[in-house]
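All remarks here apply to the structure that follows.
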Amino acid sequence: MKELKSERIDELHAIANRARALALTLAHNVNESHSAGALSMADILAVLYSEYIDVEKVKAESPERDRFILSKGHCCASLYAMLAEVGILDRDELLKNFAQNGTHYYAHATHTLPGVELSTGSLGHGLPVACGMALGAKKSGKNFKVYCLVGDGEMDEGSNWEAIAFAAHHRLDNLYLIIDKNQMQALGDTKDVLSLDPMADKLRAFNWDVEEIDGNNIEAIVNALENLMNRSGKPKVIVANTIKGKGVSFMEHNLKFHYSAPKDDELKQALEELA
Amino acid sequence: MRTAFINQLLEEARHNERVCLVVGDLGYHVVEPFAEEFPDRFINAGIAEQNMAGMAAGLAMTGYNVYIYSIGSFPTLRCLEQIRNDIAYHKANVKVVSVGAGYAYGSLGATHQATEDIGALRTIPNMVVCTPGDPIEARAIATLSANYEGPMYIRLGKAGEKIAHAEAKLDLKIGDIVPVMQKEGNAKAVMACGNILASAKQQIETERLPYDLYSVPFVKPLNMKSLQDIVARYPDGLITIEEHQRSCGMGSAIVEQLNDLYAAGGVANYPKVKCIAIPDEFVGVVGNQNYLREVEGLKL
């Protein structure tokens, strides 16, 4: 079982914060929404892309590559930033083209960019597609894993629960669902909009293998993935309790930043805090 | 028609290991031979069409040619956004198959009548829309679709449709408009799609109507050259007939294409086109397929 040294944990923390900083810069430059949701999931992305997903296979579009689907595609800025961090996207091109007329750098996750498996942002689409990929791997005898990151607000969508039943029925133990449970959605706290708690219990009842963790803790993310990878027979889910806007004091759990991009002075302060 | 399609698909699956059949818990007494011969390539996704369509896209992205199969509105309108975003936008190799075109399940009411599906599916980019008119065409489209890489909608009838073509086997290409009946001197042509084809043929024969008859097994894309030739051949114009709403159906598609052809100078004289289709209403009474066709005026 993988155990990270403290230096490596620090490195991953720094990678996550670099992705946060680039994501905020992208949002600021073109005044795009969803900054806070991009920050809550950055630690998860840092772990997956630095420790688990073979980036060279992604670059080569190998049929054996692990698949990562960002179902909460509205928060793509930190995914694009992470893809730039690991060399799948070019950082300068990303900064130049993000959400610019005539480019392919859409402001929701888009399969027109290298390394992005699925165009998303219309919510509740990623997990069913991930189920199909995981089933395809099993049917064709391939060993790749499928990771799917969803938002907790997105779990309102019925299509997710159809997929959750399907994955358990077909014992898709190569499927890793990660719920970025930052506890906020478009018009408020998830507990006030459409409460789905206790989320972990619901998933256990659907016959999934569940780990519930602090989703902004690098070591906890790694331990949860390791635990799940050592078990088989059920689809796997990490209920990752995160903080929306994580890493920037004035953005944390602040609904304003579901919508607003940071202004000049806000970006300056954010980059200082993330440095 | 559905049995002819599935039996041909089974035949295709015997030499094409990429063919998978996913059903939405429907297909009793139709899909069992496929399930028994290819249990590893048959999935009952349950009564969960959104997941069925999205999952099919993901499965296709790993290399399979995936057919999703259910009744009328269920694999089409119920999961339209999955078809648009996951299947069509990504050009995933998924074939959406519906059974019970038009009023085939007429007595069950509007919930089970497939009368808006062509319109919904043909507005989506990258989708080929197939509307086979008889079991011969259904078999040909099963073969064609098994060898086609990309999204496709296949609108089937139910059971017991009469064969309209004289040929025992057709070799269709996407866009083909297929002559069914032609007689020297006829100045008007009927263009029919779906399982109303045989009814149109019967009416022309019984009433000795002076019309040639063509089947339109592909509402999208239409072969422009074929359409151009047909228009040039019939000075009295065209009649389109379909078991679908008038809006955005096959007749609409023909008129749109004719308009483009005329604007571009591809048609010298704009033909008279009479479109016979459902007049923008849910049928208000119980009835079998033939009865409801009468109620809605779906005859020549």
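Screening the range A:12-100 for helices (runs of 4 or more DSSP H) wholly inside it with 1 or more residues that are touching a residue at least 40 places away in the same chain (Cβ under 8 Å) and either under 23 Å from residue A:182 (Cα atoms) or among the acidic types (Asp, Glu) (or both) returns the ranges A:35-40, A:42-47, A:76-85. Based on what the data block shows, is residue B:137 touching a strand residue (DSSP E or B) at 6+ places or on another chain (Cβ under 8 Å), at pLDDT 95 or above and open to solvent by 20 Å² or more (accessible area, probe 1.4 Å)? In short, no. Being more than 13 Å from every other protein chain (Cβ to nearest Cβ), assigned to a loop (DSSP other than H, G, I, E, B) and open to solvent by 50 Å² or more (accessible area, probe 1.4 Å) is not true of residue A:223. Total residues in the range B:156-187 satisfying the condition of being outside any loop (DSSP other than H, G, I, E, B) and over 16 Å from the mean Cα position of the chain (by Cα): the figure is 3.
Residues that are open to solvent by less than 10 Å² (accessible area, probe 1.4 Å), of a type in the set (A, V, I, L, M, F, W, C), touching a Phe, Trp or Tyr at 6+ places or on another chain (Cβ under 9 Å) and away from chain B (no Cβ under 14 Å) occur at least once in the range A:175-183.
Residues in the range B:24-47 that are open to solvent by 10 Å² or more (accessible area, probe 1.4 Å), closer than 18 Å to residue A:134 by Cβ, out of contact with any Phe, Trp or Tyr (no Cβ under 6 Å at 6 or more places or on another chain) and touching a residue at least 12 places away in the same chain (Cβ under 8 Å): B:41, B:44, B:45, B:46. Look at the range A:132-147: where a residue is within 8 Å of chain B (Cβ to nearest Cβ) and a partner is among the acidic types (Asp, Glu), sitting 6+ places away or on another chain with Cβ atoms under 7 Å, you get A:139/B:40; A:142/A:64.
Looking across the range A:122-149 at every residue that is in contact with an Asp or Glu (Cβ under 8 Å, 6 or more places away or on another chain) and farther than 20 Å from residue B:49 by Cβ, the one that is most open to solvent (accessible area, probe 1.4 Å) is identified as A:143. Within the range B:57-81, residues that are within 13 Å of chain A (Cβ to nearest Cβ) reach no partner that is modelled with pLDDT under 95 and surrounded by fewer than 24 Cβ atoms within 10 Å (Cβ to Cβ) with beta carbons closer than 6 Å at six or more positions or on different chains. Here is a check on your reading of the model: is residue A:220 under 21 Å from residue A:7 (Cα atoms) and free of Cβ contacts under 8 Å to residues at least 12 places away in the same chain? Answer is yes for this residue. Is it the case that some residue within the range A:63-74 is among the hydrophobic types (A, V, I, L, M, F, W, C), over 30 Å from residue A:141 (Cβ atoms) and open to solvent by less than 20 Å² (accessible area, probe 1.4 Å)? No: zero hits. Considering A:204, A:171, A:231, the condition of being open to solvent by 10 Å² or more (accessible area, probe 1.4 Å), in contact with a strand residue (DSSP E or B) (Cβ under 6 Å, 6 or more places away or on another chain), in contact (Cβ under 8 Å) with a residue 12 or more places away in the chain and over 21 Å from residue A:72 (Cα atoms) is satisfied by A:231 alone.
The values are calculated or read from the model by the stated rules, or taken from the named source; none is laboratory data. As the structure is a prediction and not an experimental result, all values here were calculated from the model. Glycine gets a Cβ as well: all are built from the backbone with ideal geometry, and neighbour counts include every protein chain shown. Note: accessible area is taken over every heavy atom of the protein model, side chains too, but ligands, DNA and RNA are not part of it. Shrake-Rupley method; radii C 1.70, N 1.55, O 1.52, S 1.80 Å.
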